[in-house]
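Read the figures in this text as sums done on the coordinates, not as results from a lab. Every value quoted in this text rests on a predicted model; they were computed, and no experiment measured them. A quick note on method: Cβ atoms are made from the backbone with ideal geometry, for glycine too, and the neighbour counts reach across all protein chains shown.
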Amino acid sequence: MISIKNARFADGKFYSFTISNSCFSGVFTQESLEAVLPSTVSLQRYAELSADPDFAAKNQQLNVDAGGALLVPAAIDVHVHSRDPGFPEKETWGSLAQAAFRGGVVAVVDMPNTVPPTLGREELLDKAERSRRTPLEARFLLGVSSNNLEVLAPLLQDPSLPLSGLKIFYGQSTGNLQFADLEGLAGKLPQFQNYRLVFHAEDQCCIDDNSRALSLSGAYASLGGSYAVHSMLRDSNSALQATAAIVGWAKRWQRAVHIAHVSTPAEMALIVAARAEGVLVSAEVCPHHLLLSTDDYQRLAGFLTVNPPVRSRQEVSALRRYFVGGAIDCFASDHAPHTRREKLRPYPQCPSGVPSLEFFWPLFYRAVLASGGSIPDLLSMVSLTPATLFGFTGLGGLRSGLRASWVWLTPQEGQIASTDIRAQCQWSPYLGDPAVVSTQATWQDGICRYLG
Ligand code: DOR
Ligand code: ZN
């Protein structure tokens, strides 16, 4: 048994806890920092020892003094785009896992827009097999197209598959998976709710209308070649119209829907009102919609294009108010790496998507502080709620009986630096931003997967 004393949890109190068989076997509050036995090792030493994957199996007796270190639950990131199969030049499962552990994330939900796309059992099993070459825990969403509607229900009801639900690209985004026939989908899906229907909510008709009205190339030229045109093309109304259609559908058909990367306060207002009427709708937000805005195009150019795009500074402030108000269920990275060379292409050849997985905890922490919230109040957004909604058993907090997956955070006054990057694409829109905390170590099921 491992016995750890003098840990500080996010509520600011001191705790001791024990780990047996890779799980928390007891978590106790302490009055204050306690004196420790002479045979005690430091948290750093324990991290080094437990980096050996065989260490947990040895079931050693060890006393550890955390010395007041801040420990939080390991995060579950419910929105990442792995690139394997299809784009190993952008990311492999190896670099994805390294970025995740560096960011304090032990489990991810992967999106289906790889090549081939994850549309059936065979592609799902192939991708799951690729992911298992790393210790990162992954669950998957199946894509929806007019050609695979028949296979969805049997796959969703097969508990042997690492499947958390479906991803519906209501509007066109990276990949070719647009599907907007919601009525057709309802007819094919049984009404049970142990899986998520995750929506990319942007309305293609609005985007097409905007494209014509703007005369895209003209607007691009008149903005002096600024990528800011991306936020005009895929404007806030495109997102709102899509979210309204999806939430209306969920109400009509009594389906539980999850709106990925909500980018506007108007969508949040709609979601909150729908919930009050009993519609089952969960919402997720991403760091780029809380920490970046259209003001940043000048600085970041193509490295800021993402779908849905970043919004005005006013909308970012208003979205942050929902972040602390309890209306948002999950904070997720939407980690979507592209190579530097691709991101340097002129608009619109430059692909949309930004990486951020290795900065998950620092970005979450900063988003909470920038929104005026407190970490203990918002902790469930990255642990308990994702575990519950997306089916990660045994994860979700620092509690007896749960798996010993946790993160050691250290306060930092520096900046996010390129040496912190683990994603294979080796760039980040957050370089130079203040780093309020840094991930010092990440444990997954008692094994230390990252040590800074
Ligand atoms: O910006 C985005 N990039 N949005 C998406 O929906 C897909 C993603 C990607 O895969 O690159
Ligand atoms: Zn995405």
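Tell me the relative contact order for the chain as a rounded percent, counting alpha carbon contacts under 8 Å between residues six or more apart.
Details: 1008 pairs, mean separation 88.2, N = 452.
Across the chain, relative contact order equals 20 percent.
Counting DSSP beta bridges in the chain, what percent are antiparallel, to the nearest 5? Don't jump to the answer; show the numbers that get you there.
Working: 28 of 62 bridges.
If I count the DSSP bridges inside the chain, around 45 percent turn out antiparallel.
Just want the answer: with Cβ charges of +1 for Lys and Arg and -1 for Asp and Glu, which residue in GLN241, MET381, GLY187 is farthest toward the dipole's positive end in the chain?
Value computed over the given set: MET381.
So if R0 is 25 Å, what FRET efficiency would ARG252 and SER146 give, r being the distance between their Cβ atoms, rounded to the nearest 0.05?
Working: r = 21 Å, r/R0 = 0.82.
The computed FRET efficiency comes out at 0.75.
For GLU183 and SER418 in one chain, what is 0.36 nm times their gap in residues minus the Cα-Cα distance, to one decimal in nm? Walk me through the numbers before you get to the answer.
Working: separation 235, 0.36 × 235 = 84.60 nm, distance 4.64 nm.
Roughly 80.0 nm would be gained on extension.
Apply the Kirkwood formula to the range 216-369: the hydrodynamic radius equals the inverse of the mean of 1/r over all pairs of different alpha-carbon atoms; give it in Å with one decimal. Provide the component values of the computation, followed by the final result.
On the way: mean 1/r = 0.0617 Å⁻¹.
Result for the range 216-369, one decimal place: 16.2 Å.
Using label points projected 7 Å from each Cα along Cα→Cβ, tell me how many nm separate MET1 and VAL115, to one decimal.
So the label points at MET1 and VAL115 sit 5.5 nm apart.
Considering the alpha-carbon set of the chain alone, what are its Rg and its Dmax in angstrom?
When restricted to Cα atoms, the chain yields Rg and Dmax of 21.8, 74 Å.
Placing unit charges on C-beta atoms (Lys and Arg positive, Asp and Glu negative, everything else neutral), compute the dipole magnitude of the chain about its Cα centre in debye, rounded to 20.
Values: 37 positive and 41 negative charges, 29 e Å.
Magnitude of the dipole: close to 140 debye.
Round to a whole angstrom and tell me the spacing of the C-alpha centers of the range 302-377 and the range 16-86.
Computed from Cα coordinates, the inter-centre distance equals 29 Å.
For each pair in LYS90/LYS188; LYS13/LYS58; LYS90/LYS167; LYS167/LYS343; LYS5/LYS58; LYS58/LYS90, compute the distance between the two Cα atoms and list the pairs where it is over 27 Å.
The answer is LYS90/LYS188; LYS13/LYS58; LYS58/LYS90.
Size of the range 306-452 along its principal axes in angstrom, Cα-based, largest extent first?
Here the spans come out as 52, 34, 34 Å, largest first.
Using packing as a proxy for protection, rank 160-166, 120-126, 380-386, 38-44 so that the peptide with the highest average count of other Cβ atoms within 10 Å comes first. Walk me through the intermediate numbers first.
Details: 160-166: 19.1, 120-126: 15.9, 380-386: 22.7, 38-44: 13.9.
So the order, starting with the most tightly packed, is 380-386, 160-166, 120-126, 38-44.
Would you kindly calculate the translational diffusion coefficient of the range 17-146, applying Stokes-Einstein with the Kirkwood radius from alpha carbon pairs, for 4 °C and a viscosity of 1.567 mPa s, and quote it in µm² s⁻¹ without decimals? Numbers along the way, then the final one.
On the way: Rh = 17.5 Å.
The diffusion coefficient I find is 74 µm²/s.
Summing +1 for each Lys or Arg and -1 for each Asp or Glu, what net charge is found among the other residues whose Cβ lies under 12 Å from the Cβ of ALA138? Could you put the intermediate results ahead of the total?
On the way: positive: LYS127, ARG130, ARG132, ARG133, ARG139; negative: ASP77, ASP84, ASP110, GLU129, GLU137.
Value of the local net charge: 0.
Between ASP54 and SER25, what is the label-to-label distance in nm when each label sits 7 Å out along the Cα-to-Cβ direction?
According to this spin-label approximation, the distance is 2.2 nm.
Efficiency by 1/(1 + (r/R0)^6): what FRET value for LEU223 and THR410, r their Cβ-Cβ distance, R0 = 30 Å, to the nearest 0.05? Present the calculation step by step, with values, prior to reporting the outcome.
Numbers: r = 42 Å, r/R0 = 1.39.
Efficiency computed from Cβ-Cβ geometry: 0.10.
Which residue, LEU223, ASN147, ALA367, has the largest displacement toward the positive end of the dipole of the chain when charges sit on each Cβ (Lys, Arg +1; Asp, Glu -1)?
So the residue furthest toward the plus end is ALA367.
For a test of the definition: using alpha carbon positions, the gyration tensor, and the 1.5 limit on a/c, classify the range 117-181 as rounded, prolate or oblate. Before the final figure, lay out each step's value.
On the way: a/c = 2.27, a/b = 1.46, b/c = 1.56.
Judged from the Cα gyration tensor, the range 117-181 comes out oblate (a/c at least 1.5, b/c at or above a/b).
State, to one decimal in nm, how far the label point of ALA370 lies from the label point of VAL41, with both points 7 Å from Cα in the Cβ direction.
According to this spin-label approximation, the distance is 3.9 nm.
What is the diffusion coefficient of the range 147-261 in µm²/s, taking the Kirkwood radius over Cα pairs and the Stokes-Einstein relation at 4 °C with a viscosity of 1.567 mPa s? Walk me through the intermediate numbers first.
On the way: Rh = 15.7 Å.
Using the Kirkwood radius from Cα pairs, D works out to 83 µm²/s.
How do 100-106, 227-233, 50-56, 72-78 rank on mean C-beta neighbours within 10 Å, highest first?
On the way: 100-106: 29.7, 227-233: 22.3, 50-56: 15.4, 72-78: 28.0.
Going by the mean number of other Cβ atoms within 10 Å, highest first, we get 100-106, 72-78, 227-233, 50-56.
What is the gain in length, in nm to one decimal, between LEU125 and ARG340 on full extension, counting 0.36 nm per residue of separation less the C-alpha to C-alpha distance?
Working: separation 215, 0.36 × 215 = 77.40 nm, distance 3.03 nm.
Full extension of this stretch gives 74.4 nm more.
Just round it to a whole percent: the fraction of Cα-Cα distances in the range 59-100 exceeding 14 Å. Before the final figure, lay out the partial values.
Details: 572 of 861 pairs.
For the range 59-100, the fraction of Cα-Cα distances above 14 Å is 66 percent.
Could you work out the helix-only [θ] at 222 nm for the chain, with each DSSP H run of four or more residues adding -39,500 (n - 2.57) and the total divided by the number of residues, to the nearest 500 deg cm²/dmol?
-9000 deg cm²/dmol
Whole number please: convex hull volume per residue, Cα atoms of the range 329-399, in Å³. Please list the in-between numbers first.
Working: hull volume 9.2 nm³, N = 71.
Per residue, the Cα convex hull of the range 329-399 comes to 129 Å³.
Could you calculate the contour length gain from GLU34 to ASN176, that is, 0.36 nm times the residue separation minus the distance between their Cα atoms, to one decimal place in nm?
On the way: separation 142, 0.36 × 142 = 51.12 nm, distance 5.77 nm.
Full-extension gain reported as 45.3 nm.
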